[in-house]
Amino acid sequence: MALLEIDRVSKRFGGLQAVSDVRFSIDERTITFIVGPNGAGKTTLFNLITGAVHPDEGHIRFDGADITHISPNRAAHIGIGRTFQIVKPLGGLTVLENVMLGAFMHTSSPSKAADAAREILNYLQMEKAMHVTARGLPLAMLKRLEIARALAIKPKLILLDEVVAGLPTAEALRLAELLQKLPARGVAAVGGVEHVMRVVMSIADRVMVLDHGAQIAIGKPEEVVRMPVVIEAYLGTKYKELGL
Amino acid sequence: MRRAHWLAAVAAVVLSLLVPLVVQTDYKLQVLFRIYLFASLGLAWNLVGGYAGQLSLGHAAYFGAGAYGLALFSGTLGMSPWLAVLAGVAGAMACALLIGGVSFRLRGPYFALSTIAFAEILRLTAKNLPGLTGGDVGVPVPALFHGNINRSFYWAAVALAALSFALTVVISRAKFGYYLMAIREDEDTALSVGIGAARNKLAALLISAALTALAGALYASIFLFIVPDQVLALDVSNEIAIVAMLGGAGTVLGPIVGSVVLETASEIFKNTFKEAHQLIFGVLLVFVVLFLPGGIVGTIAGLLRRSDIPGEGA
Amino acid sequence: MDVYAALQAVINGLLTGALYALIGMGLALIFGVMRIVNFAHGAFMMLGMYVTYVLFTRTGISPYALFIVTGTILFAFGYVVYFALMRPIHGQSDFMQILLTLGVGLICTDAVQLIFGADYHQINIPLQDTNFRIGPNISVNAPWVVSFGIACVLALALYLFVMRTMTGRAARAIAQNRYAAPLMGINVFRVQAISFAVGSAAAGIAGALLLPVFYLYPGVGDQFTLKAFVMVVLGGMESIVGAALAGLVLGVVENLTSLYWGNEWALAVDFAIFVLVLSLKPSGIFGRQTV
């Protein structure tokens, strides 16, 4: 049974069809990337999964249960973690405290939460920044903080919205290495990115391509990259005809 | 809490209780009563406004509920005064349930406006139902203490301040406190880690309302008579918020410091400028927002942190 | 049921409502468009009343002519307040803006109380004795009619300012996208200052027009701050026209409430409406549903 099932989901905002008839499923301990330019519907899809918005049509199932009309904090409790495209750190708190907030889902004790948080921060190589107030951190650290905080809730699935956007390539690749180890920790990851890149190619099990809210391709990275529909969507009809 | 801090707190309470041995004048004890009372009010407000970051400008509703609860439950319903106080607290918490239930769904300025609207509705209702509340004429309040009243009320205020302080310390160091702060910093992020924002905000408000109502009952009882414009007015809500902001919202000591500074300044001002002693409130508020957003305690804590070698966060 | 009493209440309500509309439109510009949470709006109206009062008692000129002077003074005052106090905290949270403007309002109110005392004042002008009759059962007091006329003209002027002038358009541009606006060459701070000043002037002028028909005392502004927010919310946040209509609605509702339940409940009904609208349709009665 798949961990997450998106079953013919559509969402419209006023005149804009943000997501239309998307259907795919995610298995446990896999890494999937949803590829599409800004406005393609990736964030909307993530919002639909976490319950920040609800679909007009279709169903979403997680771990067998129907979560079509779930609320965001309920989604976190059943094992869906997320990071935000525009990072949302808890600015006035330290890095450690930020991650503790996630750890608190599984304990009421601040000291146990701190221990759990420390472990995750070590995993993400952020120990040195533990007592720094989040507000002053550079982007690369903030992105790691988002991930750390989401991991602290011990999710089965983590949604990473534009997690490498804005990062220099070296940092993006370092992050990718860490993400690659997530399935071994029991976490399935779904990342949203603007276009296929080295990161995606190197760690994705599967890639799904969104164009204007519609799903136009899904498969292994090296297959998807060669599909005519994908090339057409990204480079235009001319290139498709040239057979590139 | 570190041992040294705990001992300091206990010492402070004990010293406070011993003050009446030295200070005997009625006037001075009344001023001290007011300082400790507003410290309690500031601490109570701080849970919602400081830690949870929800700007309530309608706390007079709970203050008035406590005051009128004492007056009406003992007067019309014949309850014994202390039982009436508890009834008033229950009433205030019921109000909090309603006010919070509606207002917490609103973001930004709408929340503040909603709290003001509710407090005003309560005030106007109290004014316009003389049969029930005595209207503008007011209603008598039973004395909670007899004998050396000023000293007894002072001790009661110290006790309430100590209780509020203890609750603040416990909450700020527990999971609940962290959850409130997360809600303050970014509610969407808080939801994404499974924090039930509505539930937690409401819990903070209920505790805050209960403490505020206790203070309201004490205040009413020392005056033996209350009118709506005295205990349900915007001025009361403002003063409570300013005490906390001036001292430092979101800090444990802030509201206490804020009350000492504000109430002392207010007293001095009152003696020089008979009317318009509230001018000092406005000036201090503007000053705090422009120059000391963390309040007195917050700013000092910030300066100390910067001069430390990077180590433990505050 | 006396139909004429109700009709009289409605007409009085519309007359009152026009002044409310002026105050509400001012706040709609400041808060609805510029997103500046101004809790001192009513205090500015109060200042307008006192300024006019002083000028009237000194010169004997009618408030219906003095309002121009009052408006100018409040415009300047608003401009200065914006640059001195609001600009430094530009970009900070609503929380801080509310507290700052709350403080400004307190300072205004108490400074006035210090100077003029807490007593109620009233002015007398000959126009107060004139009444117009509409049919045998309805009469309207002249000052209200005059202020209605002036308020309507100013409301129209305000509408044209927001919709037609460059500054007004710039203000709406900032409201729609505060990041893109400076990129279009808009001097955000100047436009905000002017909008704040215009909104304050509107409040001040409403105060001047209110002087002949209302009691003057330092705290008179508080209820108007709240009423102004009620109007902006009812009218649908950014809508200047919505706020104006809401003002008229508010005036009528208050007068009808006074008629059937008594004066004391009028203000309470305002707040009840406010709470209801916020809970049920936060985008306002006249507003558009935004995502």
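The values are calculated or read from the model by the stated rules, or taken from the named source; none is laboratory data. Note that the structure is predicted; figures quoted are calculated from it, not measured. Cβ atoms come from the backbone with ideal geometry, glycine included; neighbour counts cover every protein chain shown.
At a glance:
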{"quantity": "Per-region count, region A:49-77, residues outside any loop (DSSP other than H, G, I, E, B), more than 9 Å from chain B (Cβ to nearest Cβ) and free of Cβ contacts under 8 Å to residues at least 40 places away in the same chain", "calculated": "2"}
{"quantity": "Breaking point among (1) in contact (Cβ under 8 Å) with a residue 40 or more places away in the chain; (2) surrounded by fewer than 20 Cβ atoms within 10 Å (Cβ to Cβ), for B:Gly248", "calculated": "(2)"}
{"quantity": "Residue ID - surrounded by the fewest Cβ atoms within 10 Å (Cβ to Cβ), chosen from residues in region B:104-131 that are among the small types (Gly, Ala, Ser) and under 20 Å from C:Phe31 (Cα atoms)", "calculated": "B:Gly108"}
{"quantity": "So C:Met86, is it over 19 Å from B:Phe287 (Cβ atoms) and within 14 Å of another protein chain (Cβ to nearest Cβ)", "calculated": "no"}
{"quantity": "Count of residues meeting criterion [part of a helix (DSSP H, G or I) and facing another protein chain (nearest Cβ under 9 Å)] in region B:236-251", "calculated": "4"}
{"quantity": "Residues of region A:179-200 satisfying the condition of being part of a helix (DSSP H, G or I), surrounded by 15 or more Cβ atoms within 10 Å (Cβ to Cβ) and among the hydrophobic types (A, V, I, L, M, F, W, C)", "calculated": "A:Leu179, A:Val199, A:Val200"}
{"quantity": "Qualifying residue in region A:6-15 (condition: crowded, with 20+ Cβ neighbours inside 10 Å and touching an Asp or Glu at 6+ places or on another chain (Cβ under 6 Å))", "calculated": "yes"}
{"quantity": "Count of region C:11-55 residues which are among the aromatic types (Phe, Trp, Tyr) and outside any helix (DSSP H, G or I)", "calculated": "1"}
{"quantity": "Residues of region C:225-237 satisfying the condition of being farther than 13 Å from C:Leu106 by Cα and either surrounded by fewer than 24 Cβ atoms within 10 Å (Cβ to Cβ) or within 13 Å of another protein chain (Cβ to nearest Cβ) (or both)", "calculated": "C:Leu226, C:Lys227, C:Ala228, C:Phe229, C:Val230, C:Met231, C:Val232, C:Val233, C:Leu234, C:Met237"}
{"quantity": "Leading residue by the ranking (modelled with the highest pLDDT) among those in region B:179-199 that are surrounded by fewer than 22 Cβ atoms within 10 Å (Cβ to Cβ) and assigned to a helix (DSSP H, G or I)", "calculated": "B:Met181"}
{"quantity": "Residue match in region C:93-107 (condition: outside any helix (DSSP H, G or I) and either facing another protein chain (nearest Cβ under 8 Å) or buried (at least 19 other Cβ atoms within 10 Å of the Cβ) (or both))", "calculated": "no"}
{"quantity": "Matching entry among B:Leu17, B:Leu72, B:Leu37 (being under 29 Å from B:Ala241 (Cβ atoms) and either free of Cβ contacts under 8 Å to residues at least 24 places away in the same chain or out of contact with any Phe, Trp or Tyr (no Cβ under 8 Å at 6 or more places or on another chain) (or both))", "calculated": "B:Leu72"}
{"quantity": "Residue in region B:294-310 that is nearest to B:Leu43 (Cα to Cα), counting only those that are modelled with pLDDT under 90 and part of a helix (DSSP H, G or I)", "calculated": "B:Ala301"}
{"quantity": "Which listed residue is under 30 Å from C:Asn38 (Cα atoms), in a helix (DSSP H, G or I) and modelled with pLDDT of 90 or more, from B:Gly50, B:Gly88", "calculated": "B:Gly50"}
{"quantity": "Unmet requirement for B:Gly101, which otherwise passes all of (1) away from every other protein chain (no Cβ under 14 Å); (2) part of a helix (DSSP H, G or I); (3) of a type in the set (Gly, Ala, Ser); (4) over 18 Å from the mean Cα position of the chain (by Cα)", "calculated": "(1)"}
{"quantity": "Filter pass, B:Ala203 being at negative phi, touching a residue at least 24 places away in the same chain (Cβ under 8 Å) and either among the hydrophobic types (A, V, I, L, M, F, W, C) or in contact with a strand residue (DSSP E or B) (Cβ under 8 Å, 6 or more places away or on another chain) (or both)", "calculated": "yes"}
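This table checks each residue for (1) closer than 22 Å to A:Ala52 by Cβ; (2) in contact (Cβ under 8 Å) with a residue 60 or more places away in the chain; (3) in contact with a Pro (Cβ under 8 Å, 6 or more places away or on another chain); (4) outside any helix (DSSP H, G or I).
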position: A:Arg82; (1), (2), (3), (4): yes, yes, no, yes
position: A:Val99; (1), (2), (3), (4): yes, no, no, no
position: A:His106; (1), (2), (3), (4): no, no, no, yes
position: A:Ala117; (1), (2), (3), (4): no, no, no, no
position: A:Lys128; (1), (2), (3), (4): no, no, no, no
position: A:Leu142; (1), (2), (3), (4): yes, no, yes, no
position: A:Ala148; (1), (2), (3), (4): yes, no, no, no
